[in-house]
1. Under the condition of being assigned to a helix (DSSP H, G or I) and of a type in the set (G, A, S), which residue from region 41-60 is most open to solvent (accessible area, probe 1.4 Å)?
2. Just to verify a result, which residue in region 188-203, among those that are farther than 20 Å from P173 by Cα and of a type in the set (A, V, I, L, M, F, W, C), is least open to solvent (accessible area, probe 1.4 Å)?
3. How about region 216-249: which of its residues are part of a strand (DSSP E or B) and surrounded by 12 or more Cβ atoms within 10 Å (Cβ to Cβ)?
4. Quick one: how many residues across region 164-181 are within 16 Å of G138 (Cα to Cα) and either in contact (Cβ under 8 Å) with a residue 60 or more places away in the chain or in contact with a strand residue (DSSP E or B) (Cβ under 6 Å, 6 or more places away or on another chain) (or both)?
5. Taking the residues in region 250-272 that are open to solvent by less than 90 Å² (accessible area, probe 1.4 Å) and among the hydrophobic types (A, V, I, L, M, F, W, C) as candidates, determine which candidate is nearest to P33 (Cα to Cα).
6. Scan region 1-40 for residues that are free of Cβ contacts under 8 Å to residues at least 60 places away in the same chain, among the acidic types (D, E), farther than 20 Å from Q270 by Cβ and surrounded by fewer than 19 Cβ atoms within 10 Å (Cβ to Cβ) and report the count.
7. Test each condition in (1) over 20 Å from the mean Cα position of the chain (by Cα); (2) modelled with pLDDT of 95 or more for G133 and report the one that comes out false.
8. Anything in region 61-114 that is under 18 Å from D144 (Cα atoms), assigned to a helix (DSSP H, G or I) and open to solvent by 20 Å² or more (accessible area, probe 1.4 Å)? List them, or say none.
Amino acid sequence: VEFRPDRISVTEVERLVRDPYAVYARRILKLEPFEPLIRAPGATERGTLFHDILADVVSEGLDLAAPDALSALLDIARRRFAAADLPPEIEAVWWPRMEGLARRYLAWEHERSPRIRARRAELGGRLDLAEIGLTLTGYADRIDMTVDGGAEIIDFKTGLSPSIRQARTLLAPQLPLEGAMLKLGAFDGLPAGTPIAGLSYVRLRERDFVEEALATPGSAKGEAITVDGLADAALARLRALGAAYRNPAKGYLSRARPFIAADMSGDYDQLARSREWAMAEEGSEEQE
């Protein structure tokens, strides 16, 4: 147990739920995958680049209502693109996407501005859970303070994962955990007791800009889902998970709840011999 992690990030909690062995290999065995010798920038790099640009917009205090807001935003984007030093053929595809994203982003901000008092980007937080010997850390893409004293937590996504359903069922607990951290005063400069005004994904798609809220009102098909309920449930589940891994008899199972059962392309799937075990299990079923 003394070798097990005593710190975990909000993004790593999902990995501990879905593939505990990956946490074991990385955090206890200290194994990191080699970087590929040749790799063209892909979806991950594009997501990071767009995240950084939107964070700079807030941290540099861009006046989103100014007549020249679009050109100022694109100036920030050009600096980030220049620093990324993308291959010309990649930049030729990504830059038009960025121009479209900039317009949709400003329209989205303009619509929500009446209820927003202040915006903060890439805000770090830390929550000590002494009873289970674990510290939860993380960075929120955006935390917007509302005029009525609450705070909305926003996670920008360039892809479709995780889904709203995965977040609501706590298979992807990052946003709910950030909500719990907010309530307990774990984020820098935000006092304990700050109400959660919203937990949302914002999808930065190629042709649209979609905000998806985790909370949902009740209906004939199901009960209401509240941000406070999600935050409290996520923290309770983390406490239970942390306590379980303080037990020396609790091992790190490979691929406990994978996104796609047939996808064995994870960084540590080969090390865990996942494909071999899957083939062996299929063979034993056939014999039966």
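The values are calculated or read from the model by the stated rules, or taken from the named source; none is laboratory data. As the structure is a computational prediction, the values presented were derived from the model and not from experiment. Please note: Cβ atoms are built from the backbone with ideal geometry, for glycine as well, and neighbour counts cover all protein chains shown. Please note that ligands, DNA and RNA were not included when accessible areas were found on the heavy atoms of the full protein model with its side chains. Shrake-Rupley method; radii C 1.70, N 1.55, O 1.52, S 1.80 Å.
1. S59
2. The extreme case among them is L190.
3. T216, I225
4. Count: 8.
5. L271
6. Residues that pass the stated criteria total 1.
7. Going through the list (1) over 20 Å from the mean Cα position of the chain (by Cα); (2) modelled with pLDDT of 95 or more, G133 breaks only (2).
8. Matches in region 61-114: L106, A107, W108, H110, E111, S113, P114.
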